[in-house]
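Student: Just passing along the structure, written as structure tokens.
Bear in mind these aren't lab numbers, they're just calculated from the coordinates by the rules spelled out. What you see is a predicted model, and the numbers here were worked out from it, not measured in a lab.
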Amino acid sequence: MNDADILAQFDGRGRAEFLLGGFESSDANKITAFGFEFGYDLHSTEIPSKSSMRLIYLRNDSPTARQRAWQTQARLAAGGPLLSMWMAPGAEPGTVRPISAFEIARKRRGIETYESNGVRGLAVFIGLLSLGCFVLVGVLRDRSIAGLAVLGILGVALAVAAVLVPRWLRRWYERDRRLVDLYDRQRSGHVGPPPPPPPAPPHPGAADRYRPEGYE
């Protein structure tokens, strides 16, 4: 979808829907980023068919969201950019890194999916696969030992995954939730960006290297 078609949907109406098919699904992050700038929150993601996806956005009527939408419109009217880069904490303490609105939009979609669906269904599915492996081991116990060993190892691996995957996904969710919340506070002007990293210390011996001749 082109930008004009996306922006036309975020015109102040209470609800905006986008039905994406085929390669259009790659526009989901852009649509979410645009919607945030105009005061819309991603409400739900639906999969009506294997080749299509429906994104539903609701207008956020909080003062913060309405002010953000007004600022976006004023910035565009003045010839400014729709989206900007922001700074987020880096992997190392005291460092920062640039983060794009598209990256934040992708995390918003992941958060919405996690909060809507959770991970219990995935854990149960993996657990059932593990159980199926052990059932096959019992049924085929008179067959090749090597094949049974492979099934047994696969069953154990799936059982471990059923326990660990929900923890990993919860950890990723909490990390992304913190980052998105920080981004939103920065975008609303409620908190300043992280401080820049301190300057690198002078290299040992640098002072001697540039000491004038005859200096004692």
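Student: For segment 48-62, what does the Karplus curve 6.51 cos²θ - 1.76 cosθ + 1.60, with θ = phi - 60°, yield as ³J(HN,Hα) per residue in whole Hz, taken in order and with x for Gly and Pro?
Tutor: Each residue of segment 48-62 in turn: x, 8, 5, 10, 9, 8, 10, 9, 10, 10, 10, 5, 8, 9, 5 Hz.
Student: Now, a different point. So who's got an amide H within less than 5 Å of the one on Val96, skipping anything under 5 residues away but keeping other chains? H placed 1.01 Å off N, in plane.
Tutor: Hits under the 5 Å cutoff: Gly90.
Student: I'd like the Karplus ³J(HN,Hα) series for segment 71-82: coefficients 6.51, -1.76, 1.60, θ = phi - 60°, whole numbers in Hz, and an x wherever there's a Gly or Pro.
Tutor: Ordered by residue, 3J(HN,Hα) equals 5, 5, 5, 5, 5, 5, 5, 8, x, x, x, 6 Hz.
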